[in-house]
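These notes concern the structure reproduced below.
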Amino acid sequence: MLSSKLKCLTVLAALMTCTAASAYNFKGYYAPAVLVSPMRDDIQYTPVGMGVITSKAGYRVHPVTGRGDFHSGVDLGAKLNDRVYCLLDGIVTRVGWRGNLGVAVEVYHPYPNLRTITGHLNAYSVMPGMRVQRGRVIGYAGSTGRSTGVHVHYTVMNESGEYVEPMQFIRQVPQYVMALRTFQGQLAMTHNIKKMPKIDTKLIDSESEDLPPSKGDCGEKKGEEKPPSASIEP
């Protein structure tokens, strides 16, 4: 009897290990449907709509390792396959597996010259080189990569590779949207697009997150990094 119980426990442990490994290594899938949700200009949305913050950007105790580390972005609560939105017009520059971030989509926003990375996706609905508008669904929430449960990770960086506090960026998005409706804003966007390097239109998988080392704490202390103001200068 004892031997049978031990065998059962061994099988269950093996199944649990395989399930965890499969969840980490799941590479997501392509869901090409073009979906756009209208977003009001005066409301501060997150990539998952009115999502709730579950972990802020900056230094923290990692929920998986239990050690202190730098969190490059903000985590937002979501349900499996919740739609994930692009908050500002841009160009998709990279899609694929990105180490601990799992399946991720990177978008370059020519105005205000920032990049956003959305990670832990279960599926992606855009490909590198595509232009995406505000409100476009770029993927679906998941738990790929190193994750304790379904959520969306959101990182914001400037073109110098410095981290921008994601919620500061989100709060300024309505200003960017209004600026993009002006001739000067469109001129600035066109200027930055012309300076863009050629985009590899293939999926790119990497065992690392391919993020710059932390140079600060996403604006939590003195000398904080803030998102660019809604300037209309190119």
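Assorted remarks:
- Condition met for Gly135 (surrounded by fewer than 23 Cβ atoms within 10 Å (Cβ to Cβ), more than 13 Å from the chain's Cα centre (by Cα), free of Cβ contacts under 8 Å to residues at least 12 places away in the same chain and within 23 Å of Asp82 (Cα to Cα)): no
- Inter-residue pairs, beta-carbon under 7 Å, first surrounded by 10 or more Cβ atoms within 10 Å (Cβ to Cβ) and part of a loop (DSSP other than H, G, I, E, B) and in segment 191-209, second modelled with pLDDT of 95 or more and of a type in the set (D, E, K, R), 6+ apart: Ile204/Arg94
- Pick from segment 70-108, criterion touching a helix residue (DSSP H, G or I) at 6+ places or on another chain (Cβ under 8 Å) and in a strand (DSSP E or B), ranking: modelled with the highest pLDDT: Ile91
- The residues in segment 120-132 that are more than 13 Å from the chain's Cα centre (by Cα) and either buried (at least 22 other Cβ atoms within 10 Å of the Cβ) or not in a strand (DSSP E or B) (or both) can be counted, and the count is 7.
- Members of segment 138-187 found to be outside any loop (DSSP other than H, G, I, E, B), surrounded by fewer than 23 Cβ atoms within 10 Å (Cβ to Cβ) and of a type in the set (A, V, I, L, M), listed by number: Met157, Met167, Ile170, Val173, Val177, Met178, Ala179, Leu187
- Residue in segment 57-65 that is farther than 18 Å from Thr116 by Cβ and at pLDDT 90 or above present: no
- Count of segment 94-118 residues, restricted to those that are more than 19 Å from Ala33 (Cα to Cα) and in contact with a Gly (Cβ under 8 Å, 6 or more places away or on another chain), is 12.
- Verdict on Thr182 being of a type in the set (Val, Ile, Thr) and free of Cβ contacts under 8 Å to residues at least 60 places away in the same chain: yes
- Of the residues making up segment 155-197, those that are among the hydroxyl-bearing types (Ser, Thr, Tyr) and under 30 Å from Glu209 (Cα atoms) are Thr155, Ser160, Tyr163, Tyr176, Thr190.
- Note on segment 151-191: residues that are within 15 Å of Ala104 (Cβ to Cβ) and of a type in the set (Val, Ile, Thr) total 3.
The values are calculated or read from the model by the stated rules, or taken from the named source; none is laboratory data. Here the structure is a predicted model, which means the values were calculated and not measured. Cβ sites come from the backbone with ideal geometry, for glycine too, and all protein chains shown count toward neighbours.
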